[in-house]
Amino acid sequence: MEVDEPVRGNWNGRWTHLRKILERKGPLTPSAFNPAPEILDFLLESCKILVIGAGGLGCELLKNLALMGFRNISVIDMDTIDLSNLNRQFLFRQKDVGRSKAEVAAEFINKRIPGCQVKAYNCKIQDFDESFYRDFHLVVCGLDSIVARRWINGMLLSMLEYDDDGELDKTSLIPIIDGGTEGFKGNARVILPGLTACIDCTLDLFPPQVNFPLCTIAHTPRLPEHCIEYARILLWPKENPFGDDTAIDGDDPSHITWIFEKAMERAAQYGIRGVTYRLTQGVVKNIIPAVASTNAVIAAACTTEVFKVATSCCQPLNNYMVFNDADGIYTYVYEQEKNPNCLACSNNSKKLEFKMTDKLQDVIDHLVNSASYQMKAPGLTTSILGKNKTLYMQTVASIEEKTRANLKLTLAELGLQDGSEIVVADSTSPASIRFILKLSD
């Protein structure tokens, strides 16, 4: 049953209960916690929380945070509502199909919960700079994208400040509460950038990306996914079917239909079966299974950690919780340790070991397929004899065309030597990453 009238619950009773929690010490209370009713006033009036993602998990997070008493909430999501979302993203109705997820979710919460002010941003997280993120006390992630997680992780790490002795200024630290679900499995984690393990520290724990070699897609397709990727990666930018360099929108049926039809033509040429509209949409959007009950559990765990971190009334999670209810219910908490060679948060120089006879394509394949890097479309530049040189750049069509021939050249033929520096830019990080080449004969 849909109830669209504002909630008329006993709000004073709810806040009285929260006030009692914050006016006493408990067995899990840190020694630095000083009980005081003013802490609740801070939650209601001052604490600013950014929720990234307004999908199944994001809807649960927004509802929980608002009911917990947080009033200044912002939400970012670049997607629009699809009909298939309605079975688990409960803040949306059929009349909302086609509208921005962030805007509809914000409207729903603001209407149902008196005094709550949720501000919506219908855009990418990459559209904002450091000044925007500095305005928040906490960042809560309800994402289905590893790339987005790594980007916000890198942004908050880049905002850390250190004194002359190299000690972290903790006032520059913005905690991340990250939740993730897939089917009947999920996890919640607390990340204190610069102090605890970050997203990239445990990158090898994420499922590996499904990447297909470009040469296979272009010349020797064997799977229906190869045909779909051919239409998406090669034909779309070449034929530009919707004009004005329009980017692919996985929620636009006309875009999916065009890719599907082109993939069918490609599959027919090579006698490949299995290309369907559903598979096409799954490949384009990288769809993973979602279960409403799993989202609810993980959102509850994340909201609890937000309350702990914001008030210091209890020790927060230390620092990773696993949840699985595929067969019964199982949870486990353990401490993830910082990786001393982490790509994002360590200060160690990053090394790439190759042979002089290895090709540039081998380096790119390593950056994409390695569990330690998992990059999407790395662009490589270097400096040779004091002059900057672009080795390969995939994201800009004109530069990609001019540098494509470099992929077949060996590192020696490109003028690279042992100790040469390569600067890599990728969508997984807001900052470029510097590598030192260690070359052997």
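The values are calculated or read from the model by the stated rules, or taken from the named source; none is laboratory data. What you see is a predicted model; the values in this text were computed from it and never measured. Neighbour counts run over all protein chains shown; Cβ positions are idealised from the backbone, glycine included. Note: accessible area is taken over every heavy atom of the protein model, side chains too, but ligands, DNA and RNA are not part of it. Shrake-Rupley method; radii C 1.70, N 1.55, O 1.52, S 1.80 Å.
Tabulated results
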{"item": "Pair list, Cβ < 6 Å and 6+ apart or interchain, from region 132-155 residues that are over 13 Å from Ser74 (Cα atoms) and in a helix (DSSP H, G or I) to residues that are polar (S, T, N, Q) and open to solvent by less than 30 Å² (accessible area, probe 1.4 Å)", "result": "Val147/Thr428; Arg150/Thr428"}
{"item": "Test: residue in region 418-438 that is in contact with a helix residue (DSSP H, G or I) (Cβ under 9 Å, 6 or more places away or on another chain) and free of Cβ contacts under 8 Å to residues at least 24 places away in the same chain", "result": "no"}
{"item": "Which listed residue, of Ala54, Ala66, is within 17 Å of Lys119 (Cβ to Cβ) and part of a helix (DSSP H, G or I)", "result": "Ala66"}
{"item": "Any hit, region 379-394, residues being under 25 Å from the mean Cα position of the chain (by Cα), open to solvent by 70 Å² or more (accessible area, probe 1.4 Å), more than 20 Å from Gly419 (Cα to Cα) and touching a residue at least 24 places away in the same chain (Cβ under 8 Å)", "result": "no"}
{"item": "Some residue of region 112-123 being in a helix (DSSP H, G or I) and farther than 27 Å from Leu173 by Cβ", "result": "yes"}
{"item": "Unique residue being open to solvent by 40 Å² or more (accessible area, probe 1.4 Å), at pLDDT 90 or above and among the acidic types (Asp, Glu) when the list is Asp327, Asp362", "result": "Asp362"}
{"item": "Residues of region 395-408 that turn out to be crowded, with 16+ Cβ neighbours inside 10 Å and touching a residue at least 40 places away in the same chain (Cβ under 8 Å), as a count", "result": "2"}
{"item": "Residue satisfying condition, being in contact (Cβ under 8 Å) with a residue 40 or more places away in the chain, part of a strand (DSSP E or B) and aliphatic (A, V, I, L, M), within set Val306, Val363, Val322", "result": "Val322"}
{"item": "Residue check for Asn347: under 24 Å from the mean Cα position of the chain (by Cα) and loosely packed, with under 15 Cβ neighbours inside 10 Å", "result": "yes"}
{"item": "Failed condition for Met159, given (1) of a type outside the set (Val, Ile, Thr); (2) open to solvent by less than 10 Å² (accessible area, probe 1.4 Å); (3) within 17 Å of Glu335 (Cα to Cα)", "result": "(3)"}
{"item": "Residue satisfying condition, being among the β-branched types (Val, Ile, Thr), assigned to a helix (DSSP H, G or I) and within 27 Å of the chain's Cα centre (by Cα), within set Val368, Val333, Val423", "result": "Val368"}
{"item": "Inter-residue pairs, beta-carbon under 9 Å, first more than 22 Å from Ile73 (Cβ to Cβ) and open to solvent by less than 30 Å² (accessible area, probe 1.4 Å) and in region 27-49, second among the basic types (Lys, Arg) and in a loop (DSSP other than H, G, I, E, B), 6+ apart", "result": "Phe33/Lys25"}
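Table: residues versus (1) out of contact with any strand residue (DSSP E or B) (no Cβ under 9 Å at 6 or more places or on another chain); (2) buried (at least 21 other Cβ atoms within 10 Å of the Cβ).
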site: Leu235; (1), (2): yes, no
site: Asn240; (1), (2): yes, no
site: Arg266; (1), (2): yes, yes
site: Tyr277; (1), (2): yes, no
site: Pro289; (1), (2): no, no
site: Glu305; (1), (2): no, yes
